[in-house]
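Colleague: Let me give you the structure first, and then I'll get to my questions.
The values are calculated or read from the model by the stated rules, or taken from the named source; none is laboratory data. Please read all numbers here as calculations on a predicted model, not as lab measurements. Virtual Cβ from ideal backbone geometry, glycine too; neighbours counted across all protein chains shown.
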Protein chains: 2
Amino acid sequence: MSALAFDVTARDGAARRGLLRLRNGVVETPAFMPVATYGAVRGLAPSDLVALGAQLLLANAFHLHERPGEAAVAAAGGLAGWSGWRGPWLTDSGGYQVTSLADRAKVDEEGVAFASPLDGRRRLLTPEGAVALQAALGADVAMVLDECIPAGSSEPGRIESAMERSLRWAERGKRARQRADQALFGIVQGGADLALRRRAAERLAELGFDGYAHGGLGLGEAAGARAELVAEAQAALPPNAPRYLMGLGRPEDLVAGVALGVDLFDCVVPTRHARHGLLFTSQGSLAIRNARFASDGDPPDPACDCPTCRTHGRGYLRHLFQVGDALGPRLATLHNLRFYLSLMERARRAITAGSFASLRSEVEAATRQRVA
Amino acid sequence: MSALAFDVTARDGAARRGLLRLRNGVVETPAFMPVATYGAVRGLAPSDLVALGAQLLLANAFHLHERPGEAAVAAAGGLAGWSGWRGPWLTDSGGYQVTSLADRAKVDEEGVAFASPLDGRRRLLTPEGAVALQAALGADVAMVLDECIPAGSSEPGRIESAMERSLRWAERGKRARQRADQALFGIVQGGADLALRRRAAERLAELGFDGYAHGGLGLGEAAGARAELVAEAQAALPPNAPRYLMGLGRPEDLVAGVALGVDLFDCVVPTRHARHGLLFTSQGSLAIRNARFASDGDPPDPACDCPTCRTHGRGYLRHLFQVGDALGPRLATLHNLRFYLSLMERARRAITAGSFASLRSEVEAATRQRVA
C-alpha cells in the first residue's frame, strides 16, 4: 500500500510542514484544496489554478456519479484527463452530501438509500460502492464512506452509534479497495465527544489507512472544543500519516488547524464568498458591492499578488457585479483562492522559520477587521 | 484631425488589408471587434483577449452612462485604464440601443428622450451629448449619434427623414467634438434604398470624418441587397478612410463584407451563441449540450488552436453546461471568439496572397454544415 508517500520536513510546535507525494504530483503541506465539486472550480480553468499555485483539487464523487456519471469520466482517462487539471485530485465519497442534501435519505447498516436530487430515482450508496465509484473516477486520494453526525448534535447515543457504524463502513471500504495507485483515507467521527473521537482514531489506526481525516467538525461545536477534538484524535493517529480537516474553514480556522498539525484543508468559503462579492484581504473582509467602491481605483487588496489585484481596481470589479457579468465572480474567486493559497505558503515558510505563532496572531487580528 | 492613420497594405479585388493606427495601438484590418457592452467581454479577462489575438474592443456609451457612469470611468483613466484592456477601444453612441431597448423613447430634432431602463428617470441623448459622453469615456474611436431605421423597414418616407436627421446630427456631433486624440466616425443610414445610402455617404464625406460606418443593416434586408447597399455607399466614401459594418454578423456575413472592402466588424453572435452552447467550428456549427457529446473526448474543433480546444474535450464542456458552471460559457466564448479572430487573420493573409475568393467559398460551404 504505497499510493502515497508523506515526509514531514519541518516542525514548529505541533505545526508541521511536509511533502505529500501522490500519483499525479507532489503537494507541499499544509495545503488548501480548492473545491471543484463537479470537476471544476466554478468559473476557473485549470490554467487559472496553476497560476494561483493550487496543488490539489477536491471533487465530490456523489455529484459526479449523478452528472456526468463515472463512466464518462473514466472513459476520458479519469478526473485528470477529463477535467484538464492534470495535477492531483482528492474525491470525497459524498456521504455527507447524500445525507444532508438528498431527499428522504435513509441510513441503515447496508448504506445510504436516497432519492436522487436530480431525477428522483432511488439510489443506494454503500461503503463498497463508494470505493468502486472513486476507483472509476481515478482521483489520487479517495475517502471512505462515513455516517456524518454534526459535532454540535445533542444526541449522544446517536453520535456513538454513527461513529461505530462509520468504523464498520471504513473496514468494509478498505476491504473493497481496488486500486493500489489510489490512496484511501479513513474519517474520524464522534461528534463533540473526546472519548469517542479518541476511540475512532485508535480503531482507524489499527485498520490502517494512507491518511486520516477529521469529519463532522465546523458544524456547530465551539472553536475551542474543536481544537481539543482534533488534538485528542491526532494523539491516537499514526504520526507520519497525513491528516485532513474536512470542510473547514475561514482563515482563522486554517491557522488553528495548522497549529494542531493538520496537513490538508478544504472549504467552499473562499469560492462561495467570492461569488457573493465578499473578498478576503490583508486588511480584513471587503464587500465589493458596497457603493463606496464605485470610483475606487485601488486594487481589492494592495498587498495581493493575484491576477485580479494586479490588473483591476475595486470600482471596475464592483461594476462587474452590478451588471451581472460572470467576470466579476471569476475575478473575485481568483483573488480569494489566491488569498487562501498564499496564506498556506506563508504558513509553510513560517513553520520552517519557527515563527508560525506570530503568523497565526496576525491572521486572527485581520479577521476582526473590515474594509467595508 | 489625425486621431487615426489608416494605410491599405494589400488588395484582392475590392477586399483590402490595412493597418489602422489608433491612440492605444495598431489594428490589423480587416478586424473583428469583440463586443464588451459594459466594458468587459462577458466572462473574459483582458489577458484572455490578448491571448486570443483581439486587437480592438467595442463598448456601448449609453450602457456605460447608465452604469457605472462616465465619471467613474474617466476617473480611472478612461476605458483603457478602468477596464484593464489597454489596447484600443471603440464606443458606439448607444442611439440604436436607446431607441430599441428604452421604454417610451421619443425621437425629435433635439435628440432621443427616453426613460432609463435602469431607474425609469427621464434622459435626453443629443448628438452633442453623445460626443461629450464618449469623450469622457475616452475610447480611441467614437461614433456619432444616429437615428437607426432597420433596412427591412417598409416606410420609405420615414427612412428618408431619419437619414436626413442622422446627417444633421452627424454635423452637430462633429461640431461638438472635444478631443483631437479621439477619432470620430460618421454613420451611413438610408434603409434598403440605394439612392438614400449613396446620398448619405456623399454628405458624410463632404462633412469629413475619420472613418465611416454602415448602420441599420442586418435588420431584415436580404443579404444580396445588403451587398449592393454597402457597395453603393462605399463608392461615395473617401477610399482611404476605414469602413465599419455595424453589428454584423455570422462568418459568411464577415467574408461578404470583407469582399466589399469593409475594414471593421462587430457582432454579438459569437459571444451570445457561446453562452447558449452554440459553437462555430471548421466543420460547421456544434450544439455542445447535445447528449451525443456526453462521452466525446475530442476537442470541440480539432482544427482550432484556442485554449479551450487545446485543453478540453466535448464531454467535459457539455458537462459544464449541464451543471451550470460559468466555466462552460467562458470556454465556449473563448472558442467562438478565437474562431472569429482566426477567420479575420486568414482573411488578411488571403488578401495578401490573392486567394480571398477561395477562402470565402470555404467559409460559405462550412456554414451549411452542422456537427450536431
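Colleague: Scan the stretch B:63-72 and tell me whether some residue there is among the charged types (D, E, K, R), in the same structural domain as B:Arg250 (by TED's automatic domain parsing) and at pLDDT 95 or above. Please lay out each step first, then the result.
Modeller: Of the stretch B:63-72, the ones among the charged types (D, E, K, R) are B:66-67, B:70.
From what's left, in the same structural domain as B:Arg250 (by TED's automatic domain parsing): B:66-67, B:70.
With the extra rule that they be at pLDDT 95 or above, the set shrinks to B:67, B:70.
Yes, there is a match, as at least one residue in the stretch B:63-72 is among the charged types (D, E, K, R), in the same structural domain as B:Arg250 (by TED's automatic domain parsing) and at pLDDT 95 or above.
Colleague: Among the residues of the stretch A:321-335, what is the count of those that are under 21 Å from A:Val268 (Cα atoms) and in a loop (DSSP other than H, G, I, E, B)? Give the steps one after another, and end with the answer.
Modeller: Filtering the stretch A:321-335 for residues under 21 Å from A:Val268 (Cα atoms) gives A:321, A:326-335.
With in a loop (DSSP other than H, G, I, E, B) added as a condition, the list becomes A:326.
Summing the residues that are under 21 Å from A:Val268 (Cα atoms) and in a loop (DSSP other than H, G, I, E, B) in the stretch A:321-335 gives 1.
Colleague: Restrict the check to the stretch B:80-98 and report whether at least one residue is away from every other protein chain (no Cβ under 14 Å) and in contact with a Cys (Cβ under 7 Å, 6 or more places away or on another chain).
Modeller: Looking for residues that are away from every other protein chain (no Cβ under 14 Å) and in contact with a Cys (Cβ under 7 Å, 6 or more places away or on another chain), one finds at least one in the stretch B:80-98, hence yes.
Colleague: Is there any pair with a first residue in the stretch A:107-118 that is farther than 13 Å from A:Gly95 by Cβ and a second that is among the acidic types (Asp, Glu) whose Cβ atoms are under 6 Å apart and which are 6 or more apart or on different chains, and what are they?
Modeller: What qualifies is A:Ala115/A:Asp103; A:Leu118/A:Glu66.
Colleague: Could you check how many residues of the stretch B:291-320 are at the interface with another protein chain (Cβ under 8 Å from one of its Cβ atoms) and either in a loop (DSSP other than H, G, I, E, B) or of a type in the set (Phe, Trp, Tyr) (or both)?
Modeller: 6
Colleague: Run B:Leu286 past the list (1) surrounded by fewer than 24 Cβ atoms within 10 Å (Cβ to Cβ); (2) touching a residue at least 40 places away in the same chain (Cβ under 8 Å); (3) assigned to a helix (DSSP H, G or I) and report the number of the one that doesn't hold.
Modeller: For B:Leu286, the failing item is (3).
Colleague: Within the stretch B:318-326, identify whether any single residue is in contact with a Gly (Cβ under 9 Å, 6 or more places away or on another chain), outside the structural domain of B:Gly261 (by TED's automatic domain parsing), touching a residue at least 24 places away in the same chain (Cβ under 8 Å) and of a type in the set (S, T, N, Q), and answer yes or no.
Modeller: Yes - at least one qualifying residue is present in the stretch B:318-326.
Colleague: While we're looking at this one, here's another question. For residues that are closer than 19 Å to A:Ala142 by Cα and within 13 Å of another protein chain (Cβ to nearest Cβ), tally how many sit in the stretch A:35-56.
Modeller: So the count comes out to 7.
Colleague: If a residue must be within 9 Å of B:Ala241 (Cβ to Cβ) and either part of a strand (DSSP E or B) or outside the structural domain of B:Ala176 (by TED's automatic domain parsing) (or both), how many such residues does the stretch B:199-214 contain?
Modeller: Final tally of qualifying residues: 2.
Colleague: Do we find that B:Phe280 is modelled with pLDDT of 95 or more, within 16 Å of the chain's Cα centre (by Cα) and not in a loop (DSSP other than H, G, I, E, B) in this structure?
Modeller: Numbers: modelled with pLDDT of 95 or more: yes; within 16 Å of the chain's Cα centre (by Cα): no; not in a loop (DSSP other than H, G, I, E, B): yes.
So B:Phe280 fails the test.
Colleague: Do we find a residue being more than 14 Å from chain A (Cβ to nearest Cβ) and hydroxyl-bearing (Ser, Thr, Tyr) anywhere in the stretch B:4-25?
Modeller: Yes: the stretch B:4-25 contains one or more residues that are more than 14 Å from chain A (Cβ to nearest Cβ) and hydroxyl-bearing (Ser, Thr, Tyr).
Colleague: Considering the stretch B:253-272 alone, what residues qualify as being part of a loop (DSSP other than H, G, I, E, B), of a type outside the set (A, V, I, L, M) and surrounded by fewer than 22 Cβ atoms within 10 Å (Cβ to Cβ)? Walk me through it before giving the result.
Modeller: If we filter the stretch B:253-272 for residues that are part of a loop (DSSP other than H, G, I, E, B), which is where we start, we get B:260-263, B:267-268.
Then keep just the ones that are of a type outside the set (A, V, I, L, M); that gives B:261, B:263, B:267.
Hit for the stretch B:253-272 is B:Gly261, nothing else.
Colleague: So for the stretch A:302-309 (the condition being among the polar types (S, T, N, Q), buried (at least 22 other Cβ atoms within 10 Å of the Cβ) and more than 22 Å from the chain's Cα centre (by Cα)), does at least one residue qualify? It would help to see each step written out before you state the result.
Modeller: Applying the first criterion (among the polar types (S, T, N, Q)) to the stretch A:302-309 yields A:308.
Next cut, buried (at least 22 other Cβ atoms within 10 Å of the Cβ) only: A:308.
Applying the additional criterion that residues be more than 22 Å from the chain's Cα centre (by Cα) yields A:308.
Yes.
Colleague: A further question follows. Any chance the stretch A:238-259 includes a residue that's of a type in the set (Lys, Arg) and within 18 Å of the chain's Cα centre (by Cα)? Can you show your working first?
Modeller: Initially, the stretch A:238-259 is screened for residues of a type in the set (Lys, Arg), giving A:243, A:250.
Checking which are within 18 Å of the chain's Cα centre (by Cα) leaves us with A:243, A:250.
So far as the stretch A:238-259 goes, yes, one or more of its residues are of a type in the set (Lys, Arg) and within 18 Å of the chain's Cα centre (by Cα).
Colleague: Next up: Any idea which of (1) in contact (Cβ under 8 Å) with a residue 40 or more places away in the chain; (2) in contact with a helix residue (DSSP H, G or I) (Cβ under 7 Å, 6 or more places away or on another chain); (3) more than 9 Å from chain B (Cβ to nearest Cβ) is the one A:Asp263 doesn't satisfy?
Modeller: The failed condition is (2).
Colleague: Let me ask another. Restricting to the stretch A:313-335, and then to whatever is among the charged types (D, E, K, R) and surrounded by 24 or more Cβ atoms within 10 Å (Cβ to Cβ), can you tell me which residue is farthest from A:Ser295 (Cα to Cα)?
Modeller: Initial filter on the stretch A:313-335 (among the charged types (D, E, K, R)): A:314, A:318, A:325, A:330.
Right, trim to surrounded by 24 or more Cβ atoms within 10 Å (Cβ to Cβ) and you get A:314, A:318, A:330.
On the way: A:Arg314: 8, A:Arg318: 9, A:Arg330: 21 Å.
It comes out as A:Arg330.
Colleague: Which residues, taken from the stretch B:327-372, are of a type in the set (A, V, I, L, M), touching a Gly at 6+ places or on another chain (Cβ under 8 Å) and within 14 Å of chain A (Cβ to nearest Cβ)?
Modeller: Quick first cut of the stretch B:327-372, residues of a type in the set (A, V, I, L, M) only: B:327, B:331-332, B:334, B:337, B:341, B:343-344, B:347, B:350-351, B:353, B:357, B:359, B:363, B:365-366, B:371-372.
Remaining after also requiring touching a Gly at 6+ places or on another chain (Cβ under 8 Å): B:327, B:332, B:341, B:357, B:366, B:371.
If the condition is that a residue be of a type in the set (A, V, I, L, M), touching a Gly at 6+ places or on another chain (Cβ under 8 Å) and within 14 Å of chain A (Cβ to nearest Cβ), then B:Leu327, B:Ala332 are the ones that fit.
Colleague: Out of (1) buried (at least 19 other Cβ atoms within 10 Å of the Cβ); (2) in a helix (DSSP H, G or I), the odd one out for A:Gly224 is which?
Modeller: (1)
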